[in-house]
Amino acid sequence: MSLNRNTEATAGPSGDDCPCKDGMKPHLELDRRKLIFSAAAATAAAPLAAAPALAEKKTAPPGAVLYDVPDDPTKEMGRGVHEDNGYGTRSQFETEVRVKADRPLDATSWTYTPLAATIGNLTPSGLHFERHHGGIPTIDPARHELYVHGLVDIAKKFTIAEIKSLPSVTRRCFIECSGNTLDEWSKPTGKNVQVTHGLLSTTEWTGVPFATLARHVGLQENAAWVLAEGADAAVMTRSIPIGKLMSDALIAYGQNGEALRPEQGYPLRLILPGFEGNTQIKWLRRLQVSDRPFMTHEETAAYTDLLKDGRAKLFTLEMDAKSVITFPSGEMMLPKPGHYLIKGFAWSGRGRVYAVDVSLDGGKTWAPARLDNVPEPMSTVRFSYPWHWDGKPAILQSRCIDEAGNVQPTRSELISVRGVNSVYHYNAIQSWAVASDGSVSNVHV
Amino acid sequence: MSTFRGLCTAILFCLWPALSHAGNTDASVGTPVSSEELAKFFAIQPDGATLPPGQGTAAAGREIYAQRCAHCHGEHLEGIKEAGGPVLAGGRGSLATDRPLKSVESYWPHASTLFDYIWRTMPFDQPGSLTPDEVYALSAYILSVGKIIDDKQVLDAKTLRKVVMPNAKGFFDGSGPELDMYRINQSASPAK
């Protein structure tokens, strides 16, 4: 962070270089930091401030192709169609990426969605957060089948073609890892919103309702829980209450208008709107219907919530009402006092977002924010709030209220009930402190 | 009139397949599978009913552990941070303290989960490569280091399901509403 700031200071507020411009996107800083490192290694003696421009010319950001930039695009014939071989790439000027957690094994690790940089409500498929426990498998859909057995009338397997032949549903919903924001229980830890809240993404999923599939196997009377199993090296397993499966679960094969991305479960993923991410089994290969839960590793040893008295909660599956301000947020810099539009996301696993409030004084007073898209069940909502910053220190907060009446708790409310060691399901109100110099940082109030 | 009725019958007849699709069961899609085909899968529930044949002891498990697990989980099951392998024993009595240590010994409610998980996905660098005998032996070793079973105990389908974990009673169903969030400070509420 300090290196980051220093670099900007060296670059100076001299104009185009100023990171304070362009909506104060932290991704510029992140990207610049990466480029600085690579460029610094290549040109050891070069002054740090000159390095970014040098490196930016050489490499295209992930997902982009580098083209020469004409001085005047109206004076030069452009590229022909299909030069991309029929699958488009993003602009070479768009640099936001997922960032990786610092973990010993990348096969059981995670990446964060750049929440402050995404546009609109949906997360581009290539920026959807990841969490895998045994790496990303490569699966040939022609050889992949979904088995459904246990307390059914006819145990069956389904090919991908058979699943696609059934009536489908397309809907938007968020997926949030229940470990999102887990470093914030005891003290402010994450430096920016990508790291504090980036295990959250929103997608338009397409798939077959489990209830539709169930007609082709028949459910027995005592069916109560279903084990969902993935075809990855973790052979990930979770027990899901049959009520959830029958109400809105999808056997999904589509993500934002195309097939699922490999890291999101290609070719099949279980979508359970509003449930913790780990239950939404990727690379789905098997559903075993039972009369009781299986007590797998991920629902006992992990993804259980340890309380102060030493007892732990099982099956806390719904994601709580939560919100976060993405602009301005940690590591950003407001160039000067003036008018700003505060922006953020709100979501709840228990239905629609009903309202979002914003506080400019650390939670003493609250005012309603504007909702920028129509709330849908178990989906994110963007909110905004016009703010005139007078240049004095301020503490910005947002709180989500869902249609069931759940209100996002303050830190002290949450901790008084859960303690600080429950790891998962942290949904307390996030505070960003704006200092008089315009710098924004993560604080606890 | 009879022609009209005939027409109605004909229309109904044509609609029939479509209507039956809208019913509650329609077993037309998918291929039925035999229990032999399903035998390639497993999931062990706490009752241990689907534990496979085989057996193992802590002594056998110690040797397999040294070769296949210790480089990630540590010689003494203490875990190796840089290798990514978590701690597998210790921490009993720590769960209600400021520094809880969650391990197989201190935290896990069911021994069935240990067998299922090791068989399913360990060793991390060679997932799915262990035989049931090896998994029984490794489970026996980990449970005996955690002083949950005697180090002479032979683990098999019968004995494993009887193992009682130290924290077996430490969990409760948290799926309901979190009523604690709705407590009102006692001093602030005069009348009951």
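Rundown of residues vs (1) farther than 22 Å from A:L200 by Cβ; (2) among the hydrophobic types (A, V, I, L, M, F, W, C); (3) more than 22 Å from the chain's Cα centre (by Cα), yes/no style:
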site: A:F345; (1), (2), (3): no, yes, no
site: A:D357; (1), (2), (3): no, no, no
site: A:K364; (1), (2), (3): yes, no, yes
site: A:M378; (1), (2), (3): no, yes, no
site: A:V381; (1), (2), (3): no, yes, no
site: A:W389; (1), (2), (3): yes, yes, yes
site: A:C400; (1), (2), (3): no, yes, no
site: A:I415; (1), (2), (3): no, yes, yes
site: A:S439; (1), (2), (3): yes, no, yes
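The residue of region A:200-222 that is surrounded by the fewest Cβ atoms within 10 Å (Cβ to Cβ), among those that are more than 30 Å from A:P124 (Cα to Cα) and more than 10 Å from chain B (Cβ to nearest Cβ), is A:E221. Residues in region A:418-442 that are open to solvent by 40 Å² or more (accessible area, probe 1.4 Å) and either more than 18 Å from A:N192 (Cβ to Cβ) or in a strand (DSSP E or B) (or both): A:V420, A:N421, A:V423, A:S436, A:S441. If we scan region A:247-262, do we find a residue that is more than 19 Å from A:T159 (Cα to Cα) and crowded, with 24+ Cβ neighbours inside 10 Å? The answer is no; no qualifying residue exists. Residues that are more than 22 Å from B:V154 (Cα to Cα) and free of Cβ contacts under 8 Å to residues at least 12 places away in the same chain do not occur anywhere in region B:57-68.
All of (1) assigned to a strand (DSSP E or B); (2) open to solvent by less than 20 Å² (accessible area, probe 1.4 Å); (3) farther than 14 Å from A:I325 by Cβ hold for A:P409 with one exception: (1). Residues in region A:60-90 that are open to solvent by less than 90 Å² (accessible area, probe 1.4 Å), under 30 Å from A:H128 (Cα atoms) and either among the basic types (K, R) or in a loop (DSSP other than H, G, I, E, B) (or both): A:A60, A:P61, A:P62, A:G63, A:V65, A:L66, A:Y67, A:D84, A:G86, A:G88, A:T89, A:R90. Can you tell me which condition A:N278 does not meet? The list is (1) crowded, with 22+ Cβ neighbours inside 10 Å; (2) in the same structural domain as A:G179 (by TED's automatic domain parsing); (3) touching a residue at least 40 places away in the same chain (Cβ under 8 Å), and all the others hold. Of everything listed in (1) crowded, with 22+ Cβ neighbours inside 10 Å; (2) in the same structural domain as A:G179 (by TED's automatic domain parsing); (3) touching a residue at least 40 places away in the same chain (Cβ under 8 Å), A:N278 misses just condition (1).
On the stretch given as region A:283-315, residues that are open to solvent by 20 Å² or more (accessible area, probe 1.4 Å), assigned to a loop (DSSP other than H, G, I, E, B) and in contact with a Gly (Cβ under 7 Å, 6 or more places away or on another chain) total 3.
Close contacts from region A:287-306, counting a first residue that is more than 7 Å from every other protein chain (Cβ to nearest Cβ) and a second that is among the basic types (K, R), with Cβ to Cβ under 7 Å and a gap of 6+ residues or different chains, come to A:E298/A:R238; A:E299/A:R238. On the stretch given as region A:224-238, residues that are more than 9 Å from chain B (Cβ to nearest Cβ), over 23 Å from A:E162 (Cβ atoms) and open to solvent by less than 20 Å² (accessible area, probe 1.4 Å) total 1. Count of region A:91-100 residues, restricted to those that are in a strand (DSSP E or B) and of a type in the set (A, V, I, L, M, F, W, C), is 1.
Conditions tested, residue by residue: (1) within 22 Å of A:L182 (Cα to Cα); (2) out of contact with any helix residue (DSSP H, G or I) (no Cβ under 8 Å at 6 or more places or on another chain).
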residue: A:D248; (1), (2): no, yes
residue: A:I251; (1), (2): no, no
residue: A:P273; (1), (2): yes, no
residue: A:Q280; (1), (2): yes, yes
residue: A:P293; (1), (2): no, no
residue: A:D309; (1), (2): yes, yes
residue: A:L314; (1), (2): yes, no
residue: A:E318; (1), (2): yes, yes
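Of all the residues in region B:55-73, those that are part of a loop (DSSP other than H, G, I, E, B) and within 13 Å of B:I118 (Cβ to Cβ) number 1. Evaluate the following for B:L77: is it aliphatic (A, V, I, L, M), in contact (Cβ under 8 Å) with a residue 12 or more places away in the chain and within 16 Å of B:R161 (Cα to Cα)? Criteria not met by B:L77. Might you check whether a residue that is modelled with pLDDT of 95 or more, more than 30 Å from A:W225 (Cβ to Cβ) and at the interface with chain A (Cβ under 10 Å from one of its Cβ atoms) occurs anywhere in region B:43-60? Looking for residues that are modelled with pLDDT of 95 or more, more than 30 Å from A:W225 (Cβ to Cβ) and at the interface with chain A (Cβ under 10 Å from one of its Cβ atoms), one finds none in region B:43-60, hence no. Restricted to region A:123-163, the set of strands (runs of 3 or more DSSP E) holding at least 3 residues that are more than 8 Å from chain B (Cβ to nearest Cβ) comprises A:130-132, A:145-150.
The values are calculated or read from the model by the stated rules, or taken from the named source; none is laboratory data. Being a predicted model, the structure only gives us computed values, none of them experimental. Please note: Cβ atoms are built from the backbone with ideal geometry, for glycine as well, and neighbour counts cover all protein chains shown. Side chains are part of the model used for accessible areas, which takes the heavy atoms of the whole protein and leaves out ligands, DNA and RNA. Shrake-Rupley method; radii C 1.70, N 1.55, O 1.52, S 1.80 Å.
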